[in-house]
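Asker: Got a structure for you, questions after.
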Amino acid sequence: MNQLDLVRQWSQAWTRIIIAQLAPTALLITTVALLQFGLADAPLSVRWGAELILLASGILGALAEFAAADEAMAISEELSSLAPRQASTTRIAAAAKYLPVVKFVTPAIFVAIFAFLSVALLA
C-alpha cells in the first residue's frame with residue numbers, strides 16, 4: 001500500500017474515533033440533563049431502561065473506539081516503515097503515540113461516568 005492510501009486510512013480511522021465518542025457523550029449529557037428534570041423520580045422500569053440504553057451504547061462506543069484506535073496504530077506502524085518519510089507521516093507517527101489513551105483511558109473515563117450515573121439513576 002502506498003503512502004497516500006495509508007494517510008487516507010489514518011484520516012478515516014481518526015474520524016471513526018471521533019464519531020465513536022459522539023453517541024456515548026451525547027447520551028451521558030442527555031442523561032445528566034434528564035436527571036435534573038425528574039428521571040431520578042421516574043418509575044424503576046424507566047430508570048432501568050435508561051440504564052440499559054447507556055450500557056448498550058457505551059459498550060458499542062467503546063468497542064468502536066478501541067477498534068478504530070487499534071487500526072490507526074497499525075496504519076501508523078506501516079507509515080513509519082515507508083521511506084522516504086514526509087512531514088505528514090512524521091506527524092502521524094508522533095500523534096500515534098497517544099492512541100493508547102484513546103484505547104484505554106477514554107473508555108475508562110466513560111465507565112466511571114456510567115457508574116456515577118448508575119448510582120444516580122438507581123439509588
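Asker: What are the residues in segment 56-70 that are without any contact (Cβ under 8 Å) to a residue 40 or more places away in the chain and among the charged types (D, E, K, R), if any?
Answerer: Residue satisfying the conditions is Asp70 alone.
Asker: Okay, next question. Please specify each residue of segment 73-85 satisfying the condition of being modelled with pLDDT under 90 and touching a Lys or Arg at 6+ places or on another chain (Cβ under 9 Å).
Answerer: Let us first name the residues in segment 73-85 that are modelled with pLDDT under 90, namely 79-85.
Once the filter is applied, which keeps residues that are modelled with pLDDT under 90 and touching a Lys or Arg at 6+ places or on another chain (Cβ under 9 Å), segment 73-85 yields only Leu79.
Asker: Take segment 86-123 and flag every residue that is part of a helix (DSSP H, G or I), at pLDDT 90 or above and hydroxyl-bearing (Ser, Thr, Tyr).
Answerer: The answer is Thr106, Ser118.
Asker: How many of the residues making up segment 77-111 are farther than 18 Å from Gln12 by Cβ and either charged (D, E, K, R) or in contact with a strand residue (DSSP E or B) (Cβ under 9 Å, 6 or more places away or on another chain) (or both)?
Answerer: The total comes to 2.
Asker: Got at least one residue in segment 71-86 being touching a residue at least 40 places away in the same chain (Cβ under 8 Å), buried (at least 17 other Cβ atoms within 10 Å of the Cβ) and β-branched (Val, Ile, Thr)?
Answerer: Yes, there is a match, as at least one residue in segment 71-86 is touching a residue at least 40 places away in the same chain (Cβ under 8 Å), buried (at least 17 other Cβ atoms within 10 Å of the Cβ) and β-branched (Val, Ile, Thr).
Asker: So Asp70 passes all but one of these: (1) acidic (Asp, Glu); (2) in contact with a Lys or Arg (Cβ under 7 Å, 6 or more places away or on another chain); (3) more than 24 Å from Gln3 (Cα to Cα). Which condition number does it fail?
Answerer: Result: Asp70 passes all but (3).
Asker: Next question. Restricting attention to segment 8-39, and to residues there that are among the hydrophobic types (A, V, I, L, M, F, W, C) and touching a helix residue (DSSP H, G or I) at 6+ places or on another chain (Cβ under 6 Å), which single residue is surrounded by the fewest Cβ atoms within 10 Å (Cβ to Cβ)?
Answerer: Filtering first and then ranking leaves Ala23.
Asker: Another question, then. Residues to consider are Ile75, Ile59; find the one that is in contact with a helix residue (DSSP H, G or I) (Cβ under 7 Å, 6 or more places away or on another chain) and in a helix (DSSP H, G or I).
Answerer: Working: Ile59 fails: in contact with a helix residue (DSSP H, G or I) (Cβ under 7 Å, 6 or more places away or on another chain).
None of the others qualify; the one that does is Ile75.
Asker: Hey, can you tell me all the residues within segment 1-18 that are assigned to a helix (DSSP H, G or I), touching a residue at least 24 places away in the same chain (Cβ under 8 Å) and not charged (D, E, K, R)?
Answerer: Gln3, Leu6, Val7, Gln9, Trp10, Ala13, Trp14, Ile17
Asker: Also, I was wondering about something else. Within segment 46-55, identify whether any single residue is touching a residue at least 12 places away in the same chain (Cβ under 8 Å), part of a loop (DSSP other than H, G, I, E, B) and not small (Gly, Ala, Ser), and answer yes or no.
Answerer: No, segment 46-55 contains no residue that is touching a residue at least 12 places away in the same chain (Cβ under 8 Å), part of a loop (DSSP other than H, G, I, E, B) and not small (Gly, Ala, Ser).
The values are calculated or read from the model by the stated rules, or taken from the named source; none is laboratory data. Because the structure is predicted, anything quoted here is derived from the model rather than measured. Here the Cβ is made from the backbone with ideal geometry for all residues, glycine too, and neighbour counts use every protein chain on show.
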